[in-house]
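Participant: My questions will all concern the structure given below.
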Amino acid sequence: TVAAFDSFRFIIKGSLAGAAVYVAYDQGLLGSGTQGAEALKKAQAALPPAIQEWTSYIGWEVRTVQLPPTPKFDFSPSDSWNKGVQTVMSALSVAPTRACEYTVEGWKYVKDLVK
């Protein structure tokens, strides 16, 4: 019975993970950086009405409580990706020069220890 319960939990968790990946793919979050930025803008626009609808559905009175505004993100996934790629490529381009410098410094250090 314990193994069946564990199997059931595994199936439920796997199904939820699969559904989350499908929704992310369907909304364009797994596409290019511009598709991700568009999906984020859509989510920011849809969130306040969705919260209002959900609270009215379950019967909460939101008229007396002021909901905080949704945070505004000034974040571009494509710009961040490009900056990361540029940083990595910059580090790789100077790697041979730095390796030579560190080798020379290492040999100097070893020679000083031997003296």
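Participant: Using only helices, what value at 222 nm comes out for the chain when you add -39,500 (n - 2.57) per DSSP H run of length 4 or more and divide by the total residues, to the nearest 500 deg cm²/dmol? Don't skip to the answer; put the middle values down first.
Facilitator: Working: 3 runs with 89 residues, N = 115.
About -28000 deg cm²/dmol.
Participant: Still on this structure, I have one more. Relative to the longest principal axis of the chain, what angle (0 to 90°, nearest 10) does the C-alpha long axis of helix 2-26 take?
Facilitator: 80 degrees
Participant: Sticking with this structure for a sec: Ignoring ligands, DNA and RNA, what percent of the accessible area of the chain is carbon or sulfur (1.4 Å)?
Facilitator: After summing per-atom areas, the C and S share lands at 66 percent.
Participant: Which aspartates and glutamates have a Cα less than 20 Å from the Cα of K83, not counting those fewer than 8 places away in the same chain?
Facilitator: E38, D74
Participant: Using a Gaussian network model on the chain with a 10 Å cutoff between Cα atoms, which of P77, P48, P69 fluctuates the most?
Facilitator: P69
Participant: Measure nothing fancy, just the Cα-based angle from helix 77-114's long axis to the longest principal axis of the chain, in degrees from 0 to 90, nearest 10.
Facilitator: That works out to roughly 30 degrees.
Participant: On to the next question. May I ask you to derive the relative contact order of the stretch 2-114, considering only C-alpha pairs under 8 Å and at least 6 residues apart, and to give it as an integer percent?
Facilitator: That works out to 21 percent.
Participant: Continuing with the same structure: Take the Cα pairs of the chain, get the Kirkwood Rh, then feed it into Stokes-Einstein at 37 °C and 0.692 mPa s and tell me D in µm²/s.
Facilitator: Working: Rh = 20.4 Å.
Approximately 161 µm²/s, per Stokes-Einstein.
Participant: As I understand it, the dipole of the chain uses +1 on the Cβ of Lys and Arg and -1 on the Cβ of Asp and Glu, about the Cα centre. Which of G14, I51, S93 lies farthest toward its positive end?
Facilitator: S93
The values are calculated or read from the model by the stated rules, or taken from the named source; none is laboratory data. Since we're looking at a predicted model, the values are computed, not measured. Cβ atoms come from the backbone with ideal geometry, glycine included; neighbour counts cover every protein chain shown. The protein model used for the area step is the full one, side chains on, heavy atoms only, and it has no ligands, DNA or RNA in it. Shrake-Rupley method; radii C 1.70, N 1.55, O 1.52, S 1.80 Å.
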